[in-house]
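Below: the structure, in structure tokens.
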Amino acid sequence: MTPPDTSPTAFSSLLRTASLEQHREANTSTFITDLLDGRLGVEAYTRYTEQLWFVYGALEAGARRLAGDPVAGPFVQPELFRRTELERDLAHLRGPDWRTSLTALPVTRAYAARVQECAERWPGGYVAHHYTRYLGDLAGGQIIRVTAERTWGFTRKGDGVRFYVFEGIPDAAAFRKGYRTLLDEIPADELEKQRIIAECKRAYTLNTAVFRALSEEIPLSA
Ligand code: HEM
């Protein structure tokens, strides 16, 4: 792998810069602000974790299908997979019968359906969704983990927050650097890169919509 291209025209830089405003919107949403300020109850966190189960289900079913694809294939790295961790967290949060009460919000359903559609028909779009979630989990996700441990008393990096713990990625900063190199080397022309950027913004919009729906559904401290 060649060293990351740090020029402002590198695709990884364009993607990050183009989505800065959407990132700000997501991480200053009422739901995330309430979570980080310790104003949410564990029920709200659990509901969020349930929504993630649907989204990562779509991402990871798609990953298996795309492993050999020239555009999306290099991004398919099993050490990122979160579904098993989400299931352990949900068993801890809801108990062994967690599947019986599991429901997706309508907007979560739409989000997962869009990920599935990209996985089946448009590898570049799948990369946009992959980037928006996994790279975020490796960065800001760590702040959510520490807050969750403190607010609801989960064991550090244990059940309840395993989703945020990447056992197979000991050096998240190095991993993110390698991931940016993969973005820079993506075999796509300028037009396709612009389409990927647009899909990344759509991915953020879908995340923000999930946060909004969760805030509307759950009163503070529930
Ligand atoms: C608790 C709220 C959040 C905080 C505090 C936060 C914070 C951060 C930080 C510090 C970085 C590292 C930036 C860098 O490497 O220079 C980052 C990157 C990122 N975050 Fe967030 N974030 C949050 C929520 C989110 C959400 C909800 C998403 C999307 C669903 C997201 C997606 C991303 C992505 C894709 C990156 C990688 C940007 C890049 O380097 O290209 N973040 N975040």
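Each reported figure results from applying straightforward, stated rules to the coordinates on display, with no laboratory input. Since the structure is predicted, the reported quantities are computational estimates derived from the model, not experimental observations. When we count neighbours, we look across all protein chains shown, and the Cβ atoms used for this are built from the backbone with ideal geometry, even at glycine.
Calculate the tail of P(r) for the chain: the fraction of all Cα-Cα distances greater than 28 Å, expressed in %. In whole percent, the share of Cα-Cα pairs in the chain beyond 28 Å is 26. The angle separating the long axis of helix 141-152 from the principal Cα axis of greatest extent in the chain is about 0 degrees. Taking a virtual spin label 7 Å from the Cα of Ser7 along the C-beta vector, which residues in the stretch 188-215 bring their backbone nitrogen under 15 Å of it? Label zone hits: 190.
Projecting the alpha carbon convex hull of the stretch 67-197 along each direction and taking the average yields 9.2 nm². Considering only Ala148, Ala112, Ala67, the Gaussian network model of the chain with Cα springs below 10 Å gives its largest mean-square fluctuation to Ala67. Convex hull of alpha carbon positions in the stretch 40-140: directionally averaged projected area 6.7 nm². For the stretch 1-84, would you read off the P(r) tail past 20 Å as a percentage of all alpha carbon pairs? Tail of P(r) above 20 Å: 60 percent of Cα pairs.
Applying a DSSP loop filter and a limit of 12 other Cβ atoms within 10 Å to the chymotrypsin sites (Phe, Trp or Tyr not before Pro) in the stretch 129-222 leaves nothing. Here's the thing: no lysines lie within a cross-link span of Lys177, going by alpha-carbon distance under 16 Å and ignoring same-chain residues fewer than 8 apart. Each part reduced to its alpha carbon centroid, the stretch 167-215 and the stretch 129-153 end up 15 Å apart. No solvent, one uniform scatterer per C-alpha: report log10 I(q)/I(0) for the stretch 93-148 via the Debye equation at q = 0.19, 0.20, 0.22 1/Å, two decimals. Once normalised to I(0) and log-transformed, intensities are -0.92, -0.95, -0.97.
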